[in-house]
Amino acid sequence: MQFIKPEWLIIISQFAWFHVHGFPPIIYLFLNKTIREDCRLFFFKIFKSNKVNQVNGVTILVKPGIII
């Protein structure tokens, strides 16, 4: 387009675009118990702490991977 767009219009349109495309996932997470539990389990698997095992005097550090 060959005209100057006002900066306030660009800011408002960006704000609107972020909210239109960002709110549905948040609504699903708050209202749908199944999706909420699946997300919680997914992030738990990613961020759970490392395990240290000892076998025959040898210390083994087990780093969990993402298992889906």
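What follows is calculated from the coordinates using simple rules that are stated; it is not laboratory data. All values reported here derive from a predicted model rather than from experimental measurement. Here the Cβ positions follow ideal geometry from the backbone for every residue, glycine too, while neighbour counts run over all protein chains shown.
Results, tabulated for the structure shown:
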{"quantity": "Relative packing of peptides 3-16, 30-43 - highest average C-beta neighbours within 10 Å first", "calculated": "30-43, 3-16"}
{"quantity": "Theoretical gain in end-to-end length, W8 to E37 [0.36 nm per residue, Cα-Cα removed]", "calculated": "6.4 nm"}
